[in-house]
Amino acid sequence: MEAVIGKPMDRVDGRAKVTGAARFSTEPPVQGASHGVIVQSTIARGKITAIDSASVERLPGVLGVMTHLNAPKIKPPTPNFMTGGIFAESRLPLSDDQIHHAGQHIAVVVATTLEQAKHAAAMLKVTYAAETPVVSMDDPAAKVVSPPDFFGEKLQDGRGDIEAAFADDNSVIFSATYTTPPGSHNPMEVSNTTAVWEEEKLTVYDSTQWLSGTAAVLAEAFGVPRTNVRVICPYVGGGFGCKGFIWPHTLLAAMAARLTGRPVKLVLSRAQQFTSCGHRPATRQVVSLAATKAGKLTGIRHLVDATGQAVSQYVEPAAMGTSRLVYDVPNVRFTHNVRQVDIASPTFMRAPGEAPGTFALECAMDELAYALEVDPLQLRLANLPREKAPHSGLPWSSYHLDECLTQAAEKFGWAKRDPAVKSMREGRLMIGQGLAVATFPGSKFGGACKVRLFGDGRLLVSTAAHDLGTGAYTAFTQIAAHEMGIAVERVRVEMGDSNLPPGPIAGGSCSTATVSQMIHAAVASLKKKLSQAATSMADSPLKGLKLEEMEMDGEGVRAKGDASRRVTIAEIVTNSGKSAIEADGTAMPGAEMGAYAFHSFGAQFVEVAIDPLDPRVQVRRCVAMFDAGRIVNSKLAYSQLAGGIVWGIGMALTEETHWDHRTGRCTTDNLADYAVAVNADIPKIDVMWTDKPDPHFNPLGVRGIGEIGITGVAAAIGNAVYHATGVRVRDLPIVPGRLV
Ligand code: MOS
């Protein structure tokens, strides 16, 4: 058998996607479905004093108007990350007349057709008692909170003696403030839910990164057994974190279906998407570095302020994900304050924490390199924590950042760079080169899968996991074929249905790391069952052999090294009297998590060109190298990692969600005003990886690759812009106005 792991296999669902055969969650025909349209608050703070539902209820096709006055009562679900689900806000939708942000869902109009529902929703008259909202993090009226931890990790922490590090007269000290604006996930497929009640059974078609979590939240909210709720989502048109936890619209669709006695299909508009499913909050980060004159770091202080919401627990862990662990430095102090504002709740967005955090830390490192007059690459290499993770003291399971930095530098041609600012020109164009470190933890969660081997040799893998468009169906197909020792053509992976064994949330870059371990366990159990069945068959040529004296060869079970003594899969299945031999596999983070630190790192190198007469930053080249464990599929991996870099270019140069400072309304609620990077912004992107299996993380040695790609990119670009122009931009995005 030719090795299948690492091969650039085409997507198994590619044909279905391009022919339209792949059914996303708005597409399955639902008998008698009506349409729900959300009405959102136009004020950002205050309360509703009246809603004129009656006149809208009389409009053609209207089946119901659901507001806080008549909505079915639901219960708050228990947040449980490993086994349950998490509702993204602490306030249940339509639970009272209070308004916490513009765009808050205040009514759902249900009608026979979408047009009728949209028309009626537009006609709904709402009267408010408005108060002045707090919109900016600089508003002194913003309540400041300092949560102690976030998903079990300390937000206000450090090590060593930070005051002493900064008091040392021999140290070179650098300190600056960096800001990153709010950003919005914009998956091609907007969030949507179709809810169908049959008596006390609820079926939901939902675009989600967490089937099991959605099912758990719905069951608890409506007080029905978990087995009564089925969530279906075989394809997702992108998530990036905005479909990770469960947002109000999902509950509202099920509530509206209850209220009207009809299935309700509820699809957010693109504009609504900006205020309904989270965003990356704004940050202000003060980074202070202390170093010896020789360039050895002695202290890092990283103080983060980020916007947040009173009805949300989310904190952008910008320092926790970066300054805590990237460098070998004895004295560290970091804090995270949330400044509560009256805008929609923030949430996880691709590399939450690391994306804004690396902008601050890695720009500061570049500034320190100039202050010390050392090469920015050498400054990194002189401060890497090669032996162990600085924050936990645990040995790295696998650490190869040196290799990423040096090999990417080589490929990029860093040695040819003239370090002086404004030194590289091409005619009128100012050329700059910059680098930054990329970082993302190796995470995995729990989950279960079932494998079935049929008499004809086909293997079916079933799990309620997800393919967000990342290629998970394909990667899992390769993993199952590899574990079973059969051709990929014989494997089929089914996902996207909460009735399947519970898979992990597709978040935190954990899917492949977790699911590969589940498949490994299931196939190991299946092989054992096959061997046992093979020896116990009447007249078996394997009679009396112990498990370790047999092996699988893809077609059957045979005596080790003796193909003449063999029982085929077909014989085993036929003899079983069933259609397939099946086995279950589970994965849970275990003792390894306390024995090693699992982490991915990388190096980002970019070159920019800037025309001083039209100072738009053009990224001309990107070279990146990542150490992210074993790579399962080189084609998909390139797409994930380069895709992350594309996001990083958008973050650096164009993306910014604006809220009107007077009204608190999102003013960039469309893809024209919220400018994502387009083809003209994207150069050739070179991506390399170490492909070193992580020896302790899971059987295959894979860590995730969905998020690390974006980290460090904005800093590398900011550093290159400084090199080109001598202008240090510490506030993203780097739009032309910041360069003149
Ligand atoms: Mo990711 S931001 O954990 O979907």
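The values are calculated or read from the model by the stated rules, or taken from the named source; none is laboratory data. What you see is a predicted model; the values in this text were computed from it and never measured. In this analysis, Cβ positions are derived from the backbone assuming ideal geometry, glycine residues included, and neighbour counts consider all displayed protein chains. Accessible surface areas use protein heavy atoms only, side chains included; no ligands, DNA or RNA. Shrake-Rupley method; radii C 1.70, N 1.55, O 1.52, S 1.80 Å.
Here are a few things to note about the model shown:
- Test result for Arg262, of a type outside the set (Ser, Thr, Tyr) and in contact with a helix residue (DSSP H, G or I) (Cβ under 8 Å, 6 or more places away or on another chain): no
- Residue list for segment 151-203, filter: in contact with a Cys (Cβ under 9 Å, 6 or more places away or on another chain), in a strand (DSSP E or B) and surrounded by 20 or more Cβ atoms within 10 Å (Cβ to Cβ): Tyr178
Okay, residues lined up against (1) in contact with a Phe, Trp or Tyr (Cβ under 6 Å, 6 or more places away or on another chain); (2) without any contact (Cβ under 8 Å) to a residue 40 or more places away in the chain:
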position	(1), (2)
Gly561	no, yes
Arg565	no, yes
Ile569	no, no
Ser576	no, no
Ala583	no, no
Gly594	no, no
Ala597	yes, no
Ser600	yes, no
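- Restricting segment 405-420 to residues that are of a type in the set (D, E, K, R) and more than 14 Å from Asp375 (Cα to Cα) leaves a set whose member that is surrounded by the most Cβ atoms within 10 Å (Cβ to Cβ) is Lys411.
- Taken as a whole, the condition of being within 15 Å of the ligand (Cβ to nearest atom) and open to solvent by 10 Å² or more (accessible area, probe 1.4 Å) applies to Pro352.
- Taken over segment 22-70, the criterion of being among the small types (Gly, Ala, Ser) and either outside any strand (DSSP E or B) or open to solvent by 50 Å² or more (accessible area, probe 1.4 Å) (or both) is satisfied by Ala22, Ser25, Gly32, Ala33, Ser41, Ala44, Ser53, Ala54, Ser55, Gly61.
Conditions tested, residue by residue: (1) touching a Pro at 6+ places or on another chain (Cβ under 8 Å); (2) buried (at least 24 other Cβ atoms within 10 Å of the Cβ); (3) within 30 Å of Ile5 (Cβ to Cβ).
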position	(1), (2), (3)
Glu655	yes, yes, no
Val676	no, no, no
Ile682	no, no, yes
Phe697	no, yes, yes
Ile708	no, yes, yes
Ala715	no, yes, no
Ala720	no, yes, no
Val735	no, no, no
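- Contacts under 6 angstrom Cβ, first residue in segment 114-126 being more than 12 Å from Thr67 (Cα to Cα), partner small (Gly, Ala, Ser) and open to solvent by less than 100 Å² (accessible area, probe 1.4 Å), 6 or more apart: Gln116/Gly61; Ala117/Ala111; Ala120/Ala111
- Qualifying residue in segment 273-283 (condition: out of contact with any Leu (no Cβ under 8 Å at 6 or more places or on another chain) and either open to solvent by 20 Å² or more (accessible area, probe 1.4 Å) or without any contact (Cβ under 8 Å) to a residue 12 or more places away in the chain (or both)): no
- Being among the β-branched types (Val, Ile, Thr), within 16 Å of the ligand (Cβ to nearest atom), at pLDDT 95 or above and within 23 Å of the chain's Cα centre (by Cα) is true of Val315.
- Only residues that are open to solvent by 20 Å² or more (accessible area, probe 1.4 Å) and among the small types (Gly, Ala, Ser) were counted in segment 657-674, giving 1.
- Residues of segment 355-365 that are touching a His at 6+ places or on another chain (Cβ under 8 Å), away from the ligand (no atom under 14 Å from the Cβ) and either of a type outside the set (Gly, Ala, Ser) or closer than 16 Å to Ile645 by Cα (or both): Leu361 alone.
- Scanning segment 339-349 for residues that are among the aliphatic types (A, V, I, L, M) and within 11 Å of the ligand (Cβ to nearest atom) yields a total of 1.
- Any hit, segment 329-348, residues being part of a loop (DSSP other than H, G, I, E, B) and closer than 23 Å to Ala603 by Cβ: yes
- Segment 593-649, residues that are of a type in the set (Val, Ile, Thr) and either open to solvent by 20 Å² or more (accessible area, probe 1.4 Å) or part of a strand (DSSP E or B) (or both): Val606, Val608, Ile610, Val617, Val619, Val623, Val646
- Identity of the residue in segment 489-534, open to solvent by 20 Å² or more (accessible area, probe 1.4 Å) and of a type in the set (A, V, I, L, M), that ends up nearest to the ligand (Cβ to nearest atom): Leu500
- Here Ala351, Ala294, Ala360, Ala318 are screened, and the one residue that is more than 21 Å from Gly712 (Cβ to Cβ) and of a type in the set (A, V, I, L, M) is Ala294.
- Residues in segment 554-565 that are open to solvent by 80 Å² or more (accessible area, probe 1.4 Å) and either assigned to a strand (DSSP E or B) or outside the structural domain of Lys529 (by TED's automatic domain parsing) (or both): Ser564, Arg565.
- When residues of segment 303-334 are limited to those that are among the acidic types (Asp, Glu) and more than 15 Å from Ser392 (Cβ to Cβ), the one least open to solvent (accessible area, probe 1.4 Å): Glu316
- Thr214 being assigned to a loop (DSSP other than H, G, I, E, B), of a type outside the set (A, V, I, L, M, F, W, C), within 16 Å of the ligand (Cβ to nearest atom) and open to solvent by less than 10 Å² (accessible area, probe 1.4 Å): no
- Unmet requirement for Ser269, which otherwise passes all of (1) surrounded by fewer than 24 Cβ atoms within 10 Å (Cβ to Cβ); (2) closer than 30 Å to Ala364 by Cα: (2)
- Subset of segment 535-546 that is open to solvent by 10 Å² or more (accessible area, probe 1.4 Å) and among the aliphatic types (A, V, I, L, M) - its residue that is farthest from the ligand (Cβ to nearest atom): Ala538
- Residues located in segment 67-82, provided they are within 25 Å of Gly213 (Cα to Cα) and touching a strand residue (DSSP E or B) at 6+ places or on another chain (Cβ under 6 Å): Pro77
- Matching residues, segment 387-404, being assigned to a strand (DSSP E or B) and open to solvent by less than 30 Å² (accessible area, probe 1.4 Å): Trp396
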